[in-house]
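The values are calculated or read from the model by the stated rules, or taken from the named source; none is laboratory data. A quick note: this is a predicted structure, and the numbers were derived from the prediction, not measured. Methodologically, a virtual Cβ is constructed for each residue, glycine included, from the backbone with ideal geometry; neighbour enumeration extends over all protein chains shown.
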Amino acid sequence: MHAVEITADTLPVSLAEFRLRALTWASQYTLVAYYNSNQIAYPHHGFEHLLAVSNNRPLELDRENSFEALRRHLQQHPSLLCGYLGYDLKNQLEKFSSSNPDALGFPPVFFFQPEVYLYFNPASITLYTTDDNTPDIIDVILACSPAAPAAPQGIQVRQRVAPNKYKAHVEQIKNLILEGDVYELNYCMEFYAEQVSLAPLPLYLALNEASPTPFSGFLKQHDKYLLCASPERFLKKEGARLISQPIKGTIRRGATEAEDTALQQQLRHDEKELAENMMIVDLVRNDLSRSCVIGTVQVTEMFGIYPFRQVSQMISTIEGTLRPDKDLVDALTGAFPMGSMTGAPKISAMQHIEALEDTRRGLYSGAFGYITPAQDCDFNVVIRSLQYNATTGYLSFMVGSAITSDSDPEREYAECLLKAQAMLQVLGC
């Protein structure tokens, strides 16, 4: 790749405006991935601020053995890869199956190698191209109008699971817990709209404006789009260091600073939320131990409270050192899918999720991110995200909560609506 650094003083527009013009320019490509931390202070930082595009074909990965196909590609062609791991890759790891309806049609795994990508630095932009055509690209970007946030009008969003059915399923899950099948189960439901025509990039910018997060992202895969406002990290690899940061514990933001502090203290001492978080921390510790050196998996922060625009979240950080005989794919398969989106024990929880939920998760609760040429990576958990199929006009998002033995169905339902707030807001609902 050819690389050049463009400093702010060499541009006729600000770096912020150049980025928005670059997003407009990128939207002409068939494959686009954009990652944005929104400069939010976060342990181990958020996503790199990166925009990548291509008109080439994505990687052709074996649909029956995707992780091994990814491993072979990384060994033979080390390069930047952008894309995602869909939740239903669990079917390859544990020999499950998924038969729930899927109206979106995202493939279970997707990665592409960019033709052009840009890192947005605090005082410059680093541009990489496969051809030595940097001046042409800069001129084309500068000729574009800057992208701007815009929300669609008149969208009728429906709820896939009626409130009474949702609450009945919570009671059913509590019975499964009493019977010893699971300790905790993450139960999710879909909101959707049909025959929708919208502009995905302006809607993503509106979502990011309404709900800025450290793992925000936009993906265009031909006619399919992910508009992501995720606050949660699935897995980051830096050299031999692995970092996972599960979220379990949610409370609304306060109207005043005093109320906000009081609500955060309430979350910090909520026995149910603490138990949820602790169970998933134990699960993630076990997942990382599959690929890490014995004795290196440590909880470096337990029950951290972090504020976001609509909610405060309880986040724990688990770190470990990858074994010399293991690689990035081993780290991913050992921990996938994220335990915060399944429950514990993970295998039993995933089996019951398939039986209880009305919609195939697909990309939801999978992982969106990037892999570097050095085979480091950063992947989020796909939550708080809109998905859109432009060909069929189908728009969807899912929300959920962790059900434990002392869950109150009304409170769990209210938590789901709280998590849906930003998406409903930008859709005008």
Worksheet item: For Leu142, are the conditions met, namely being closer than 30 Å to Leu11 by Cβ and surrounded by 20 or more Cβ atoms within 10 Å (Cβ to Cβ)?
Response: no
Practice prompt. State whether one or more residues within region 295-307 are modelled with pLDDT of 95 or more, in a loop (DSSP other than H, G, I, E, B) and either out of contact with any helix residue (DSSP H, G or I) (no Cβ under 7 Å at 6 or more places or on another chain) or surrounded by fewer than 21 Cβ atoms within 10 Å (Cβ to Cβ) (or both).
Written response: yes
Worksheet item: Of all residues in region 328-372, which are under 16 Å from Glu94 (Cβ atoms) and among the hydroxyl-bearing types (Ser, Thr, Tyr)?
Response: Thr333, Thr342, Ser348, Ser365
Practice prompt. Give me the pairs, please: first residue somewhere in region 316-345 and closer than 13 Å to Gly239 by Cβ, second residue anywhere and assigned to a helix (DSSP H, G or I) and at pLDDT 95 or above, beta-carbon distance under 7 Å, and either six or more positions apart or on two chains.
Written response: Gly320/Leu288; Leu322/Ala331; Asp327/Arg71; Leu328/Leu74
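Can you report the number of residues in region 363-380 which are surrounded by fewer than 24 Cβ atoms within 10 Å (Cβ to Cβ) and within 18 Å of the chain's Cα centre (by Cα)?
Filtering region 363-380 down to residues surrounded by fewer than 24 Cβ atoms within 10 Å (Cβ to Cβ) leaves 370, 372-377.
When the remaining residues are screened for being within 18 Å of the chain's Cα centre (by Cα), the result is 370, 372, 376-377.
Selection size over region 363-380: 4.
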Worksheet entry | Filter result for the condition that a residue is in a loop (DSSP other than H, G, I, E, B), touching a Leu at 6+ places or on another chain (Cβ under 6 Å), of a type in the set (Phe, Trp, Tyr) and crowded, with 19+ Cβ neighbours inside 10 Å, over Phe111, Phe106 | Phe106
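Residue under question is Ala148, and the condition is that it be within 24 Å of the chain's Cα centre (by Cα), modelled with pLDDT of 95 or more, under 21 Å from Arg21 (Cα atoms) and not acidic (Asp, Glu); does it hold?
The answer is yes for Ala148.
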Worksheet, complete the sentence: Sole miss for Val182 among (1) at pLDDT below 95; (2) in contact with a His (Cβ under 7 Å, 6 or more places away or on another chain); (3) surrounded by 14 or more Cβ atoms within 10 Å (Cβ to Cβ) is condition (1)
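Tell me, which strands (runs of 3 or more DSSP E) lie completely within region 351-401 with 3 or more residues that are under 23 Å from Ala422 (Cβ atoms) and in contact with a Lys or Arg (Cβ under 9 Å, 6 or more places away or on another chain)?
Numbers: elements: 367-371, 377-380, 385-389.
Ranges flagged: 377-380, 385-389.
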Discussion item. If I filter region 245-259 for residues that are β-branched (Val, Ile, Thr), modelled with pLDDT of 95 or more and touching a Gly at 6+ places or on another chain (Cβ under 9 Å), do I get at least one hit?
Written reply: no
Practice prompt. Could you list, in sequence order, all residues of region 229-254 that are within 30 Å of Gln265 (Cβ to Cβ), in a loop (DSSP other than H, G, I, E, B) and in contact (Cβ under 8 Å) with a residue 40 or more places away in the chain?
Written response: Pro231, Glu232, Pro246, Arg253
Response to the item:
Of (1) aliphatic (A, V, I, L, M); (2) free of Cβ contacts under 8 Å to residues at least 24 places away in the same chain; (3) surrounded by 24 or more Cβ atoms within 10 Å (Cβ to Cβ), Ala355 satisfies every one except (3)
Item to complete: Would you check which residues across region 383-422 are in contact with a helix residue (DSSP H, G or I) (Cβ under 8 Å, 6 or more places away or on another chain), buried (at least 20 other Cβ atoms within 10 Å of the Cβ), more than 16 Å from Pro163 (Cα to Cα) and not small (Gly, Ala, Ser) and list them?
Response: Ile383, Arg384, Leu386, Tyr388, Phe397, Thr404
Worksheet item: What is the one condition in (1) under 19 Å from the mean Cα position of the chain (by Cα); (2) more than 20 Å from Pro114 (Cβ to Cβ); (3) of a type in the set (A, V, I, L, M, F, W, C); (4) modelled with pLDDT of 95 or more that Val13 does not satisfy?
Response: (1)
Worksheet entry | Restricting region 261-286 to residues that are without any contact (Cβ under 8 Å) to a residue 40 or more places away in the chain and touching a strand residue (DSSP E or B) at 6+ places or on another chain (Cβ under 6 Å), the residue that is surrounded by the most Cβ atoms within 10 Å (Cβ to Cβ) | Asn277
Fill in: Only listed residue being at pLDDT 95 or above, surrounded by 21 or more Cβ atoms within 10 Å (Cβ to Cβ) and polar (S, T, N, Q), chosen from Asn175, Asn164, Asn208
Asn208
Response to the item:
With criteria (1) modelled with pLDDT of 95 or more; (2) farther than 30 Å from Gln76 by Cα; (3) of a type in the set (S, T, N, Q); (4) not in a loop (DSSP other than H, G, I, E, B), Gln421 comes up short on (1)
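Keeping to region 61-103, report how many residues are within 30 Å of Leu20 (Cα to Cα) and outside any strand (DSSP E or B).
Taking region 61-103 and keeping what is within 30 Å of Leu20 (Cα to Cα), we get 78-86.
Restricting the remaining residues to those that are outside any strand (DSSP E or B) gives 78-80, 86.
Here the count works out to 4.
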